[in-house]
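Below is one structure, written out as structure tokens; the observations come after it.
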Amino acid sequence: MILIASDHGGLELKQAVKQMLEGRGIEVRDLGAISNDSVDYPDFGAKVASGVSRGEADQGILICGTGIGMSIVANKFPRVRAALVSDEFTARMAKEHNNANILVLGGRTQSPPRGVGLVQVWLDALFEGGRHQQRLDKIARLEEDLGSGRG
Ligand code: RB5
């Protein structure tokens with residue numbers, strides 16, 4: 001199951017991504033937004049990021065105009081590794097090296113077909129583990145230290 005959300009700037013791309021995921025038989029939980037009315041991206045970013053952080057879903061997708069605001073929000077949450085990607089290389093690396101559990105896209109920087117393609121690349125890529133796992137372990141330790149006030 002994949003959690004997905006956008007603000008108004010990401011709505012069109014979100015619909016296209018949902019359609020592709022459902023076409024692949026993947027269950028999608030859409031946490032909004034539901035219209036083109038202007039909304040605040042932190043409200044929607046927090047819904048997906050808290051779900052992934054708590055383990056309700058292994059993966060999430062967030063889309064705002066640029067993807068920048070959603071990235072900032074999502075990476076506040078423990079255990080979230082949110083990656084804003086812009087092309088096929090960064091989409092693949094986000095999984096192979098960073099094991100990103102939230103993919104972030106810009107609805108105003110990617111056309112719907114291009115954005116959908118980036119989600120497919122990320123989904124189909126495999127985390128390489130090894131030295132990359134060591135690096136993720138270091139991030140997790142940083143998160144623990146900062147969270148306990150020892151930062
Ligand atoms: C909304 O206008 C816009 O600021 C938002 O979609 C996003 O790009 C923020 O980073």
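Read-outs throughout are calculated quantities, based only on the coordinates presented, and are distinct from any laboratory measurement. Every value quoted in this text rests on a predicted model; they were computed, and no experiment measured them. Using ideal geometry, Cβ is built from the backbone for each residue, glycine included, and neighbour counts are taken over all protein chains shown.
Applying 1/(1 + (r/R0)^6) with R0 = 41 Å to the Cβ-Cβ distance of Asp137 and Ser38, what FRET efficiency is obtained, to the nearest 0.05?
So the FRET efficiency works out to roughly 0.55.
Top mean-square fluctuation among Asp40, Asp30, Asp137, Gaussian network model of the chain, C-alpha springs under 10 Å?
Maximum fluctuation in the GNM of the chain, among the listed residues, is at Asp137.
Ratio of Rg to Rh for the stretch 73-132, alpha carbon only, Kirkwood?
0.98
May I ask for the distance between the Cα centers of the stretch 1-20 and the stretch 80-151, given as a whole number of Å?
18 Å
Taking the stretch 1-102, which GluC sites (Glu not before Pro) meet the DSSP loop condition and have no more than 15 other C-beta atoms within 10 Å?
Glu27, Glu56
What is the fewest-to-most order of Leu84, Leu103 by other Cβ atoms lying within 10 Å of their Cβ? Numbers along the way, then the final one.
Details: Leu84 24, Leu103 28.
Exposure proxy ranking, most exposed first: Leu84, Leu103.
Starting from the exponent 0.38 and prefactor 2.2 Å, build the expected Rg for the stretch 8-144 from its residue count and divide its actual Cα Rg by it.
It is 0.99.
Residues with beta-carbon under 9 Å from that of Leu123, excluding Leu123: net charge, scoring Lys, Arg +1 and Asp, Glu -1?
Values: positive: Arg24, Lys95; negative: Asp124.
Spelling it out: positives minus negatives among the neighbours equals +1.
Pick from Ile34, Ile102, Ile61: which residue has the top mean-square fluctuation in a GNM of the chain where Cα pairs under 10 Å get a spring?
Of Ile34, Ile102, Ile61, the most mobile in the Gaussian network model is Ile34.
What value in Å³ per residue do you get for the convex hull of the alpha-carbon atoms in the stretch 1-84?
Once divided by residue count, the hull of the stretch 1-84 is 75 Å³.
Students often forget the sequence filter, so: which lysines lie under 16 Å Cα-Cα from Lys14 once same-chain residues fewer than 8 apart are removed?
By straight Cα distance, Lys14 reaches Lys47.
Give me the extension gain from Asp124 to Arg150: residue separation times 0.36 nm, minus the current Cα-Cα distance, reported in nm with one decimal. Write down the numbers at each step before the final one.
Working: separation 26, 0.36 × 26 = 9.36 nm, distance 3.76 nm.
So the chain would gain 5.6 nm between Asp124 and Arg150.
The chain: longest stretch without exposed trypsin sites (Lys or Arg not before Pro) (DSSP loop, at most 12 other Cβ within 10 Å), sites themselves excluded?
55-149
Give me the Debye-computed log₁₀ of I(q)/I(0) at q = 0.23, 0.25 Å⁻¹ for the stretch 11-59, equal point scatterers on Cα only, no solvent, two decimals.
So the normalised log intensities are -0.97, -1.07.
How much of the DSSP beta bridge set in the chain is antiparallel, as a percent to the nearest 5?
Counting DSSP beta bridges with both partners in the chain, the antiparallel share is about 0 percent.
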